[in-house]
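Novice: Dropping the structure in here first, questions after.
Derivation of every value follows stated rules applied to the coordinates shown; laboratory data play no part. Quantities reported herein were computed from a predicted structural model and do not represent experimental measurements. So basically every Cβ, Gly included, is an ideal-geometry build from the backbone, and we count neighbours across all protein chains shown.
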Amino acid sequence: MTLARRIIPCLDVDAGRVVKGVEFAGLRDMGDPEQLAARYNREGADELILLDIAASRAGRATFLETVRRVAQQLNIPFTAGGGIRRLEDGNAVLRAGADKVTVNTAAVERPELISELAAQFGSQAVVLSMDVKKTNTGWEVFIRGGAESSGRDAAAWAHEGVARGAGEILLTSIDRDGTCSGFDCGLTAAIAAQVSVPVIASGGAKTFDDFLAVFDEGHADAALAASIFHTAEHSIGALKTFLAGRGVPVRLSR
Amino acid sequence: MKVSIIDYGAGNLPSVERALRCLGAETECVTKPEQVATARALILPGVGHFSAFVTGLRERNLTAVLRQALAGGIPLLGICLGLQAMFSSSAEAPGEAGLDLIHDNVQALPTNVKSPHIGWNQLRRLRKGILLREIPDDAYFYFAHSYAAAVSELHTAAACDHGFPFTAVLEQENLMAVQFHPEKSGEAGSRVLRNFLEWVR
């Protein structure tokens, strides 16, 4: 009896379409969110994350509609976020059918947001998303889609976020995101050692060995990827069979 | 057959509703005491804080009628917090009384493991029950909780381990409950809901 390591496909959406950028820039259309969600649900994904990358006020209604439509396709856990600034934003996303909500920039600017969401919906529904980049001073948290330094140390921020009630950390390496050079195992291990909640590693996944490394060396509880699954370069089922063969506990669907 | 899902003002009702409808069940969300009293089968879903849950039931005057309905033998399936609510109390909200149908207390997960316990885990069957019928022994279910009830010979049909062995499936006469989320547990979870529906029929 073991808690399985999770494989989580991520849909970055903009105006109702799935997009993918390289190092947070240069967007490319990757398909329809409902169709991709249904495929991942079928292929044995352990969870699905949907992120509104533009996160604009104007695009809010469209995003919530996407959340609603994607939720209909799933019988696995579903996390949504992007542009969650207030309690009401979180409530709207959960009411649209998500099980958990992610917070990022707004939580850095006003950390009470985490506490408010956790008090209302429980820690299990609050995922602190952190975009991290290596700088001269160490691992630093960046905000506004990776455009701006927050001046916060990643480990300290993870620690504070959990103390405020975040139930999971979604940790994205800006340096690795979209580069296909593998997860940042050092960063992941450093944050995992710092917090008492599960850590989802994100950014840089390319090969099956990258996933093996982030579980073995990075001590990740879950690993997230987008483009390699969207392009059908790798199927989730084949990845999980590979991991199971290497001794990683995963949920294999029959 | 119609199942009545108790809406106490929180919790993820739509996904539970959708999962049941996919299995051909008719569902209604109930908020009034008379709806609870006349239900054929009840679902008590639950996400959130124990005290919000207890308060939500109380504000809708559902506590007494629910206890009465269950004492009268109406089948109930509790999900996640819906399992914990059946107990006398929870460490999550000391001083708040639960439904007190199971005379024990819900505990916090120990501090030596990651908490919340979030993710897919397996079960250990303690007896031949109803909810896990025809589900492979090594099936995974999705958990998301920070509190849990200790294993008891009286009501635990299956246990899970996370820091300590806890009740993952509870079956005691007409009271059934699962600590995991069947509506989020893929095929295996769907089978749990189907087993409940078939048992009620």
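Novice: Sequence-distant or interchain residues sharing an amide H contact under 5 Å with residue A:74, placed H: which?
Specialist: Distant-sequence amide H within range of residue A:74: zero hits.
Novice: Using only alpha carbon pairs under 8 Å that are at least six residues apart, calculate the relative contact order of region A:6-245 and give it in whole percent. Working shown, then result.
Specialist: Working: 526 pairs, mean separation 41.6, N = 240.
Relative contact order comes out at 17 percent.
Novice: Now for a separate question. Which of B:103, A:219, B:117, A:230 comes first, and how do the rest follow, when ranked by fewest Cβ neighbours within 10 Å?
Specialist: Values: B:103 9, A:219 16, B:117 24, A:230 21.
The most exposed by this proxy come first: B:103, A:219, A:230, B:117.
Novice: Here's something else I'd like to know. Run the helix sum for chain A: -39,500 (n - 2.57) per DSSP H stretch of 4+ residues, divided by residue count, reported at 222 nm to the nearest 500 deg cm²/dmol. Could you put the intermediate results ahead of the total?
Specialist: Details: 10 runs with 90 residues, N = 254.
Computed mean residue ellipticity for chain A: -10000 deg cm²/dmol.
Novice: Using a Cα-Cα cut-off of under 16 Å, which lysines could be cross-linked to residue A:134, ignoring same-chain neighbours fewer than 8 residues away?
Specialist: Within reach: none.
Novice: Which whole number gives the average, over all residues in B:116-129, of C-beta atoms from other chains lying within 10 Å of the residue C-beta?
Specialist: Numbers: counts 10, 3, 15, 13, 12, 6, 6, 1, 1, 0, 0, 0, 0, 0.
Mean number of neighbouring Cβ atoms from other chains: 5.
Novice: List B:134, B:17, B:26 from most exposed to least, where exposure is judged by having the fewest other Cβ atoms within 10 Å.
Specialist: Listed from fewest to most nearby Cβ atoms, that is B:134, B:26, B:17.
Novice: Another question, if that's okay. Quick one: what are the phi-derived ³J(HN,Hα) couplings along region B:113-130, Karplus 6.51/-1.76/1.60 with θ = phi - 60°, whole Hz, x for glycine and proline?
Specialist: 3J(HN,Hα) across region B:113-130, in whole Hz: 10, 5, 9, x, 6, 10, x, 9, 9, 9, 10, 10, 7, 9, 7, 6, x, 9.
Novice: For region A:160-254, how big is Rg over Rh, using alpha carbon atoms and the Kirkwood form of Rh? Before the final figure, lay out the partial values.
Specialist: Numbers: Rg = 13.3 Å, Rh = 13.6 Å.
So for region A:160-254, dividing Rg by the Kirkwood Rh gives 0.98.
Novice: So, one more: Label region B:64-182 by shape, choosing from rounded, prolate and oblate, from the square roots a ≥ b ≥ c of the eigenvalues of the Cα gyration tensor; if a/c is under 1.5 it is rounded, and otherwise prolate applies when a/b is larger than b/c, oblate when it is not.
Specialist: On the way: a/c = 1.95, a/b = 1.13, b/c = 1.72.
Verdict is oblate for region B:64-182.
Novice: May I pose another question? Size of the protein assembly as shown along its principal axes in angstrom, Cα-based, largest extent first?
Specialist: 66, 44, 40
Novice: Further, regarding this structure: Only helical DSSP H runs with n ≥ 4 go in: add -39500 (n - 2.57) per run for chain B, normalise by residue count and round the 222 nm mean residue ellipticity to 500 deg cm²/dmol. Please list the in-between numbers first.
Specialist: Working: 6 runs with 53 residues, N = 201.
Value at 222 nm, helices only: -7500 deg cm²/dmol.
Novice: I want to verify the translational diffusion coefficient of region A:1-120 in µm²/s; compute it with Stokes-Einstein, Rh as the Kirkwood radius over Cα pairs, at 10 °C and 1.306 mPa s.
Specialist: 108
Novice: Under a 5 Å amide H to amide H cut-off, with H placed in plane at 1.01 Å, what residues pair with residue A:179 once short-range neighbours are removed?
Specialist: A:23, A:204
Novice: With the contact rule set at Cα under 8 Å and sequence spacing of 6 or more, what percent relative contact order holds for chain B?
Specialist: Numbers: 434 pairs, mean separation 38.2, N = 201.
Normalised by residue count, the contact order of chain B is 19 percent.
Novice: State the three equivalent ellipsoid semi-axes of region A:6-245, derived from the C-alpha gyration tensor as the square roots of 5 times its eigenvalues, in descending order and whole Å. Please list the in-between numbers first.
Specialist: Values: eigenvalues 105, 99, 56 Å².
Largest first, region A:6-245 gives 23, 22, 17 Å.
Novice: Viscosity 1.567 mPa s, temperature 4 °C: give me the Stokes-Einstein translational D for region A:1-65 in µm²/s, with Rh taken as the Kirkwood radius over C-alpha pairs. Walk me through the intermediate numbers first.
Specialist: On the way: Rh = 12.9 Å.
So the translational diffusion coefficient is about 100 µm²/s.
Novice: Take every Cα-Cα pair in chain B and report what % of them are more than 26 Å apart. Write out the running numbers ahead of the final one.
Specialist: On the way: 4881 of 20100 pairs.
For chain B, the share of Cα pairs beyond 26 Å comes to 24 percent.
Novice: Could you tell me which of rounded, prolate or oblate describes region B:1-120, using a ≥ b ≥ c as the square roots of the eigenvalues of the alpha-carbon gyration tensor, with rounded for a/c under 1.5 and, failing that, prolate when a/b is larger than b/c and oblate otherwise? Don't jump to the answer; show the numbers that get you there.
Specialist: Working: a/c = 2.01, a/b = 1.33, b/c = 1.52.
Judged from the Cα gyration tensor, region B:1-120 comes out oblate (a/c at least 1.5, b/c at or above a/b).
Novice: Here's another thing I want to ask about it. Please give every one of the lysines within straight-line cross-link reach of residue B:32, meaning a C-alpha to C-alpha distance under 23 Å, and leave out same-chain neighbours fewer than 8 residues apart.
Specialist: B:2
Novice: Ok, one more. At a Cα cut-off below 21 Å, give the lysines reachable from residue A:240, other chains included and same-chain residues fewer than 8 away excluded.
Specialist: Straight-line reach from residue A:240, under 21 Å: A:206, B:184.
Novice: Compute the distribution of all C-alpha to C-alpha distances in region A:52-147, in bins of 5 Å from 0, and list the percent of pairs in each, rounded to whole numbers.
Specialist: The calculated distribution, bin by bin, is 2, 14, 24, 22, 19, 11, 5, 2, 1, 0.
Novice: Next question, about the same structure. Can you give me the long-range amide H partners of residue A:47? Hydrogens built in the peptide plane at 1.01 Å from N, cutoff under 5 Å, separation of 5 or more residues or another chain.
Specialist: Residues meeting the amide H criterion: none.
Novice: Which shape class, rounded, prolate or oblate, goes with region B:32-103 when its Cα gyration tensor gives a ≥ b ≥ c as root eigenvalues, a/c under 1.5 marks rounded, and past that a/b bigger than b/c marks prolate? Display every interim value, and only then the final one.
Specialist: Values: a/c = 1.71, a/b = 1.56, b/c = 1.10.
It comes out prolate by the Cα gyration axes.
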